[in-house]
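One structure is given below, encoded as structure tokens.
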């Protein structure tokens, strides 16, 4: 039997299950819209609480840059603690909402993928209410708990926070590396880019690792740390397949990014001719299309890893069945045995005179 490629199976799942990509877009974009709305309302409420005196309004209407900056500094003076407190509350609330929503959305997507591959492997298997066949089909889609998924997404949020703090630290270190008397913008940018690159190289593998562990939570019903250990086992057992799937879907992501940036150059080229609203609308449309295709590719990559897991389980079941078939109970007649070869089936002849 010819071995099927997990990467090709992942790309085929994109076209055979377009509803999965749309569902991924739905829960991701709904969270993005909620974040945008909360940020807009928070900034609006913050600006309403700022006191503006008649003297500051006079400075703002003076049309003098120095006077306007002075008025703005007076308006925002002393309001930094409120900004920090509001940012902390908003960040905690959004993190909690993302952990819960990502857990539910990822669980729904992975259950659908497991059902899809199991039905494609055994399309004629009857859906009996009990028995070993039913248990084998429901083991990977029904016996899981949302707690491990919440734990994985919590760790992903912690990793994201650490990466954000790392980028902020890169900015501070780059600024501190430039002395006040001898400013060197090139050195500052070089230090910032190098430190940010190291932060990205640490964040991306960890985020990929925790994202892939969700497959084993839904598929095997493992806990948070057990799913992480299963990812290590999969990478050790099938390094070529894991590398191929990650590489090909990563290349597809890069190609989509290059195409999106190339298409975005067209509205910018006509910025002097077209109205500003048309240019911004074109850029927004390109950005939305880019994010939609990226969400579809992410579902395809998950499908590839789900297929790897299904193939591993199927091969394990086949090998166990083959080994069980080789073990023959003692005294059981085989196909090529005759009665005289099996002791005890023919009674011994009676001795003479007996």
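Just a few scattered comments:
- By the equivalent-ellipsoid construction on the alpha carbon gyration tensor, the range 140-236 comes out with semi-axes of 40, 12, 7 Å, ordered largest to smallest.
- Whole-number Å³ per residue for the convex hull built on Cα positions in the range 190-253: 107
- Label-point gap, in nm, between residue 89 and residue 101 - each point 7 angstrom along Cα→Cβ: 2.0
- In this simple spin-label approximation, residue 108 and residue 229 carry label points 7 Å from Cα along the Cα→Cβ vector, and these lie 3.3 nm apart.
- The stretch between residue 264 and residue 202 holds 19.3 nm of extra length on full extension. This uses 0.36 nm per residue minus the Cα-Cα distance.
- This ranking places 248, 27 by how few other beta-carbon atoms lie within 10 Å of each, fewest first, which gives 27, 248.
- Estimated distance in nm for a label pair at residue 66 and residue 29, the labels positioned 7 Å out from Cα along Cα-to-Cβ: 5.1
- Calculated FRET efficiency for the pair residue 50/residue 284, C-beta based, R₀ 35 Å, to 0.05: 0.75
- In terms of surrounding Cβ atoms within a 10 Å radius of their Cβ, 77, 298 rank from fewest to most as 77, 298.
- Calculated FRET value between residue 168 and residue 253, using beta carbons and R₀ = 30 Å, to 0.05: 0.70
- Packing-based exposure ordering (other Cβ within 10 Å, fewest first) of 74, 4: 4, 74
- Equivalent ellipsoid dimensions for the range 1-103 as semi-axes, Å, which come from the Cα gyration tensor, largest first: 50, 16, 11
Any read-out appearing in this document is the output of simple, stated calculations on the displayed coordinates, not a laboratory observation. Being a predicted model, the structure only gives us computed values, none of them experimental. Cβ sites come from the backbone with ideal geometry, for glycine too, and all protein chains shown count toward neighbours.
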